[in-house]
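For reference, the structure I am asking about is given below.
The values are calculated or read from the model by the stated rules, or taken from the named source; none is laboratory data. Every value quoted in this text rests on a predicted model; they were computed, and no experiment measured them. Note that we place each Cβ from the backbone using ideal geometry, even for glycine, and neighbour counts take in every protein chain shown. Ligands, DNA and RNA are excluded from the accessible area calculation, which covers all protein heavy atoms including side chains. Shrake-Rupley method; radii C 1.70, N 1.55, O 1.52, S 1.80 Å.
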Amino acid sequence: MSKPRPQQKRPPPPGGEAQLHDYLEGERALLELRCCKPKTLSALIHDLAHPMSPSLEQAIARCLAGRELEGFAPAETLLPVMMRRFGLDPAACGRDPDIHSLRTVCSACPKVAGCWLALRHDASLEECTSFCPNAETFVGWATQRPAD
């Protein structure tokens, strides 16, 4: 028997009828996926290129910001994409012992929802540098390490 989940404090829905409709639409779709199609939801979250409605995308981002999706590991989904954004090969960098600290920082990052959204929308390197706590290390690796 599973334990009841503690209530999460979520931001109030936005004002305005159209905004409220979009908010509720996204929340409803997310709830259906969480309850009825958790594997589909997982696939949607991990496939950063998969198209989805803006309302569902925002609902998922809110869920990620609240750390409500237990199966989501930012270091597995976001870190490799972010590394490529900085011109790094995740497979080659994965052999470096320093990768463990980068994974820890990524997994604990408070900006995981913003990162997920930014990478889904193909954010520029400059934008990624502005919020990623591993950016400085990525830049150092890109300039110091020879190509494999």
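Could you check, for segment 124-134, whether at least one of its residues is of a type in the set (Gly, Ala, Ser), closer than 21 Å to residue 45 by Cα and in contact with a helix residue (DSSP H, G or I) (Cβ under 9 Å, 6 or more places away or on another chain)?
yes
Can you confirm whether segment 95-103 contains a residue that is in contact (Cβ under 8 Å) with a residue 12 or more places away in the chain and closer than 23 Å to residue 45 by Cβ?
There is at least one residue in segment 95-103 that is in contact (Cβ under 8 Å) with a residue 12 or more places away in the chain and closer than 23 Å to residue 45 by Cβ.
Is it true that some residue in segment 87-102 is over 23 Å from residue 144 (Cβ atoms) and among the small types (Gly, Ala, Ser)?
no
OK, next. Consider only pairs whose beta carbons are under 6 Å apart and that are at least six residues apart or on different chains; among these, list those whose first residue lies in segment 65-90 and is of a type in the set (Gly, Ala, Ser) and whose second residue is exposed (fewer than 13 other Cβ atoms within 10 Å of the Cβ) and assigned to a loop (DSSP other than H, G, I, E, B).
Close Cβ pairs (under 6 Å, with a partner that is exposed (fewer than 13 other Cβ atoms within 10 Å of the Cβ) and assigned to a loop (DSSP other than H, G, I, E, B)) amount to 66/8.
Taking the options 111, 37, name whichever one is under 30 Å from residue 17 (Cβ atoms) and either touching a residue at least 40 places away in the same chain (Cβ under 8 Å) or not β-branched (Val, Ile, Thr) (or both).
When all the criteria are applied, what remains is 37.
Continuing with this model, one more query. At least 3 residues that are open to solvent by less than 50 Å² (accessible area, probe 1.4 Å) and closer than 20 Å to residue 60 by Cβ in each: list the helices (runs of 4 or more DSSP H) lying fully within segment 72-148 that qualify.
In segment 72-148, the matching helices (runs of 4 or more DSSP H) lie at 74-85, 112-120.
Which of the residues that make up segment 62-71 are closer than 20 Å to residue 25 by Cα and either open to solvent by 20 Å² or more (accessible area, probe 1.4 Å) or assigned to a loop (DSSP other than H, G, I, E, B) (or both)?
Result: 62, 65, 66, 68, 69.
Only one of 59, 29, 49 is at pLDDT 95 or above, assigned to a loop (DSSP other than H, G, I, E, B) and under 19 Å from the mean Cα position of the chain (by Cα); which? Steps first, answer last, please.
On the way: 59 fails: assigned to a loop (DSSP other than H, G, I, E, B); 29 fails: assigned to a loop (DSSP other than H, G, I, E, B).
Exactly one of 59, 29, 49 is at pLDDT 95 or above, assigned to a loop (DSSP other than H, G, I, E, B) and under 19 Å from the mean Cα position of the chain (by Cα), namely 49.
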